[in-house]
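So the structure is just underneath, and the comments pick up after that.
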Amino acid sequence: QSVLTQPPSVSGAPGQRVTIACTGSTSNIGAGYDVHWYQQFPGTAPKLLIYGNINRPSGVPDRFSGSKSGTSASLAITGLQAEDEGDYYCQSYDSSLSGSKVFGGGTKLTVL
Amino acid sequence: QLQLQESGPGLVKPSETLSLTCTVSGGSISRSSYYWGWIRQSPGKGLEWIGSIYYSGSTYQNPSLRRRLTMSVDTSKNQFSLKLRSVTAADTAIYYCARDGATIYGFDVWGQGTTVTVSS
């Protein structure tokens with residue numbers, strides 16, 4: 001099991017809003033460590049989508065937004081588009097067991 | 001534009017050492033404030049951080065891999081490398097190198113990845 005927990009899958013119709021949760025604990029997200037989100041399409045490398053909980057790298061549409069509260073974080077996608085279909089991963093740092101960067105197990109987004 | 005490219009054998013025998021190199025172009029590996037990391041993805045699975053290295057040679061590594069892992073950097077060639085000893089089939093994965101912005105910025109630039117299969 002991953003240290004950060006994500007739902008295996010989410011789905012939504014074009015134009016809708018979906019959210020992907022990332023649940024951690026007091027040794028990672030709850031300890032104040034930043035959460036980052038990545039988007040990955042089949043056969044390609046992950047791409048940074050959100051960094052520092054809420055920030056979008058240059059070129060990422062403002063349809064993507066991140067938030068963080070307590071021991072959890074969330075990625076929201078509004079105005080869902082067919083090309084958003086792919087896998088999404090959260091990532092943070094965990095201070096237990098000598099410290100380690102950790103990823104969530106990933107969420108498969110299906111656009112209906 | 002910063003680019004990263006992984007290189008190394010695609011097939012490694014069990015119990016041997018997996019060796020990969022990441023070549024950085026379009027920018028200097030010696031730029032301060034960034035580490036350089038390795039992440040892997042087993043077939044059909046999620047992402048696992050392996051470790052990250054600073055241009056000075058300082059490293060931080062996944063505790064679960066640390067005893068088998070050696071990381072190094074060659075600033076003259078703008079490259080960094082990893083060696084993973086005593087590999088098993090469980091080490092079969094796509095290996096990515098990436099620029100590591102530490103806890104604040106995440107992994108912001110990725111290589112395309114290289115597939116490594118552990119098999120006799």
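The values are calculated or read from the model by the stated rules, or taken from the named source; none is laboratory data. Because the structure is a prediction, the values reported are computed rather than measured. In this analysis, Cβ positions are derived from the backbone assuming ideal geometry, glycine residues included, and neighbour counts consider all displayed protein chains.
Name the residues in the stretch B:61-107 that are part of a strand (DSSP E or B) and either without any contact (Cβ under 8 Å) to a residue 24 or more places away in the chain or polar (S, T, N, Q) (or both), would you?
If we filter the stretch B:61-107 for residues that are part of a strand (DSSP E or B), which is where we start, we get B:61, B:69-74, B:79-84, B:93-100, B:107.
B:Q61, B:L69, B:T70, B:S72, B:D74, B:Q79, B:S81 - these are the residues of the stretch B:61-107 that are part of a strand (DSSP E or B) and either without any contact (Cβ under 8 Å) to a residue 24 or more places away in the chain or polar (S, T, N, Q) (or both).
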Across the stretch B:69-114, what is the total count of residues that are surrounded by fewer than 22 Cβ atoms within 10 Å (Cβ to Cβ), within 11 Å of chain A (Cβ to nearest Cβ) and under 18 Å from B:T17 (Cα atoms)? 2
Members of the stretch B:39-95 that are of a type in the set (V, I, T) and either touching a Cys at 6+ places or on another chain (Cβ under 9 Å) or under 15 Å from B:I29 (Cα atoms) (or both): B:I39, B:I53, B:T59, B:V73, B:T75
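Take the residues of the stretch A:1-53 that are within 12 Å of chain B (Cβ to nearest Cβ) and loosely packed, with under 15 Cβ neighbours inside 10 Å: which is modelled with the lowest pLDDT?
Among those residues, the one meeting the criterion is A:Q1.
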Residues that are away from chain A (no Cβ under 13 Å), at positive phi and at pLDDT below 95: does the stretch B:31-48 have at least one? yes
Report whether or not A:D87 is at pLDDT 95 or above, under 27 Å from B:T59 (Cβ atoms) and touching a strand residue (DSSP E or B) at 6+ places or on another chain (Cβ under 8 Å). no
